Amino acid sequence: MAKDEYMERTLVLIKPDGVQRGLIGKIIDRFEQAGLKMAGMKMVWVDPKFAKQHYKAHVGKPFYPGLESMITEGPVLAMVLEGLHAVETVRKMVGPTEPKQAPPGTIRGDLAHHSYQYTDKKGIAIKNLIHASGNKEEAEEEINLWFSADEIFEYKTVHEVHVF
Ligand code: ATP
Ligand code: MG
């Protein structure tokens, strides 16, 4: 059966602050409860070269050095999530970049509270637990950067009984 045009995959990273705070299970639980399918998952310790590839849009910005230190300071949990409108759905669940502004109910709003005022003063990246692809093009590019084809799995979840 051909895949529906609204069926998407997106890249999600639980960043080093989320891994070190022991929030992997809590965060994954939210995506599973929403019915998103885990299509791929692995733990990776990012090096500076890979950080520049992943965050290429931000290299050269004032906060980039702090961002590179943050993303390379410990392992990240990388995953590919699949579902209807997965890119938008996941971004909605993750919430705005600054945890201080992120509303309750979002991952960043419920599980973190860092502010730009604080990180600007300290010259560090904002710790917001998670990365999620910003749009469909970014998602495709990021999934290709992080995962090889044989690390992505196709299988049926029970949710599909109710969705299709
Ligand atoms: P992500 O790409 O990680 O999902 P995002 O799309 O919400 O986050 P981006 O603008 O892509 O935000 O920034 C990438 C990351 O860089 C942010 O998640 C945050 O950790 C850090 N960052 C972004 N802007 C700032 C800033 N002004 N000061 C400090 N850190 C920042
Ligand atoms: Mg982004």
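The values are calculated or read from the model by the stated rules, or taken from the named source; none is laboratory data. A quick note: this is a predicted structure, and the numbers were derived from the prediction, not measured. Glycine also receives a Cβ, built like all others from the backbone with ideal geometry; neighbour counts cover every protein chain displayed. The accessibility values were calculated without ligands, DNA or RNA, using every heavy atom of the protein model including side chains. Shrake-Rupley method; radii C 1.70, N 1.55, O 1.52, S 1.80 Å.
Things worth noting here:
- Considering the range 51-65, the residues that are closer than 19 Å to ILE143 by Cα and touching a residue at least 60 places away in the same chain (Cβ under 8 Å) include one that is farthest from ligand 2 (Cβ to nearest atom), namely GLN53.
- ALA57 satisfies every condition listed in (1) hydrophobic (A, V, I, L, M, F, W, C); (2) open to solvent by less than 50 Å² (accessible area, probe 1.4 Å); (3) farther than 30 Å from THR157 by Cα except (2).
- Subset of the range 76-123 that is charged (D, E, K, R) and open to solvent by less than 20 Å² (accessible area, probe 1.4 Å) - its residue that is farthest from ligand 1 (Cβ to nearest atom): GLU82
- Looking across PRO48, PRO62, PRO75, one residue alone is of a type outside the set (Ser, Thr, Tyr) and closer than 22 Å to THR10 by Cα. It is PRO75.
- Looking only at residues of the range 118-164 that are polar (S, T, N, Q) and part of a helix (DSSP H, G or I), we find that the one that is nearest to the chain's Cα centre (by Cα) is ASN144.
- Members of the range 13-51 that are part of a helix (DSSP H, G or I), open to solvent by less than 60 Å² (accessible area, probe 1.4 Å) and more than 18 Å from ASN128 (Cα to Cα): PHE50
- Any hit, the range 138-148, residues being among the aromatic types (Phe, Trp, Tyr) and loosely packed, with under 14 Cβ neighbours inside 10 Å: no
Every residue, every condition in (1) touching a helix residue (DSSP H, G or I) at 6+ places or on another chain (Cβ under 9 Å); (2) over 27 Å from MET7 (Cα atoms), yes or no:
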{"site": "PRO103", "(1), (2)": "yes, no"}
{"site": "TYR116", "(1), (2)": "no, yes"}
{"site": "LYS121", "(1), (2)": "no, yes"}
{"site": "ALA125", "(1), (2)": "yes, yes"}
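- All positions within the range 124-137 that are open to solvent by 60 Å² or more (accessible area, probe 1.4 Å) and within 16 Å of ligand 2 (Cβ to nearest atom): LYS127, ASN135, LYS136, GLU137
- Within the range 66-75, the set of residues being within 16 Å of ligand 2 (Cβ to nearest atom) and open to solvent by 30 Å² or more (accessible area, probe 1.4 Å) comprises GLU68 only.
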